[in-house]
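Novice: A single structure is presented below for examination.
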Ligand SMILES: [Fe+2]
């Protein structure tokens, strides 16, 4: 890897555990099943990410596989927090299979997994058919065996929980999942795509322009309730996210929040919980 960021959390464990946080690999691949529009977009996006990754010498897939090898060498459990593919292209889905099939990990989606254009379905509704987002999400869930909503795994007495906020707000499913996980009574580490400190997660609009973005009042309100629950729950010990493609640390936030840069640039975060 180009850089391994390290974060230590002291939760009083008898046996420390390790987690490798992988996010935003932005795989940019197309193949003959993709139309010309998609091929052109992929080419444009690949050039963008090569530049943003400071001309990273490896492909996103190579960094992703290298990250899994690092996790294995460190005895770390891998958690992926979205934008693993840059667009929902046929070539991208093949690359996902090649990199992820047969591996053990937790996954939550990012903004990009559901896209076939340069904007998100919720953001630019005119670019996509009305049910594009819902249809794509269902198709991806059918093609890939992991849980595309919210998931959890208990490792060494710590409950690792993924919560979906890939479209810029926490879903009702994520809120329900969080309530269920809290009832387990274990210390929790939360993983999500959009950082908890991002204001959009708890903004409830009261003015008409927000209607353009197709977020309903209910969606915003459930999202703010989820943020409030996370911030007031003593069982949540930390949250980790991607999305911003830069390192941002909020150690004094309740709970402490860590943003990991894009793995497309060869960067991952190794978390050790003691
Ligand atoms: Fe991203």
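Novice: Mind ordering 259-270, 23-34 by average Cβ neighbours within 10 Å, highest first? Mind dumping the intermediate values first?
Specialist: On the way: 259-270: 24.5, 23-34: 22.4.
Top of the packing list down: 259-270, 23-34.
Novice: State the Cα centre-to-centre distance between the stretch 37-53 and the stretch 231-273 in whole Å.
Specialist: Centre-to-centre (Cα) distance: 27 Å.
Novice: Going highest first, how would you order 93-99, 240-246 by mean Cβ packing within 10 Å?
Specialist: Details: 93-99: 17.7, 240-246: 22.3.
Those peptides, ordered most packed to least, come out 240-246, 93-99.
Novice: Something else now. Fully extended, how many nm does the chain gain between residue 232 and residue 72 (0.36 nm per residue separation, minus their Cα-Cα distance)? All intermediate terms of the calculation are to be shown ahead of the outcome.
Specialist: Working: separation 160, 0.36 × 160 = 57.60 nm, distance 3.43 nm.
Result: 54.2 nm gained on full extension.
Novice: Report the dimensions of the stretch 3-273 along its three principal axes from the alpha-carbon atoms, largest first, rounded to Å.
Specialist: 55, 48, 33
Novice: What distance in nm lies between label points placed 7 Å from Cα along the C-beta direction at residue 173 and residue 44?
Specialist: 3.0
Novice: Say R0 is 35 Å: what FRET efficiency, to the nearest 0.05, do residue 186 and residue 32 get from their beta-carbon distance?
Specialist: Values: r = 47 Å, r/R0 = 1.36.
Approximately 0.15, to the nearest 0.05.
Novice: With r as the distance between the Cβ atoms of residue 54 and residue 218 and R0 = 45 Å, compute the FRET efficiency 1/(1 + (r/R0)^6) and round to 0.05. Numbers along the way, then the final one.
Specialist: Values: r = 42 Å, r/R0 = 0.93.
So, using R0 = 45 Å, E works out to roughly 0.60.
Novice: Quick one: if the Förster radius is 41 Å, what FRET efficiency do residue 90 and residue 14 give, using the C-beta to C-beta distance and rounding to 0.05? Don't jump to the answer; show the numbers that get you there.
Specialist: Numbers: r = 48 Å, r/R0 = 1.16.
So, using R0 = 41 Å, E works out to roughly 0.30.
Novice: Full extension from residue 139 to residue 247: what is 0.36 nm times the residue separation minus their Cα-Cα distance, to one decimal in nm?
Specialist: Values: separation 108, 0.36 × 108 = 38.88 nm, distance 3.24 nm.
Taking 0.36 nm per residue and subtracting the Cα distance, the gain is 35.6 nm.
Novice: In deg cm²/dmol, rounded to 500, what helix-only [θ] at 222 nm does the chain give when every DSSP H run of at least 4 residues adds -39500 (n - 2.57) and the total is split over its residues? Let's see the in-between values first.
Specialist: Values: 6 runs with 83 residues, N = 274.
After summing the helix terms and dividing by the residues of the chain, the value is -9500 deg cm²/dmol.
Novice: State, as an integer percentage, the relative contact order of the stretch 3-273 based on alpha-carbon contacts under 8 Å between residues 6 or more apart.
Specialist: Working: 557 pairs, mean separation 73.8, N = 271.
The value is 27 percent.
Novice: Take each of the peptides 188-195, 250-257, average the number of other beta-carbon atoms within 10 Å over its residues, and list them starting from the highest.
Specialist: Numbers: 188-195: 25.4, 250-257: 14.9.
Averaged packing, sorted descending, gives the order 188-195, 250-257.
Here, each number is a calculation from the coordinates, and none is a lab measurement. In this text the structure is predicted, and so the values were computed from the model without any measurement. As a convention, Cβ positions derive from the backbone with ideal geometry for all residues, glycine included, and neighbour counts pool all protein chains shown.
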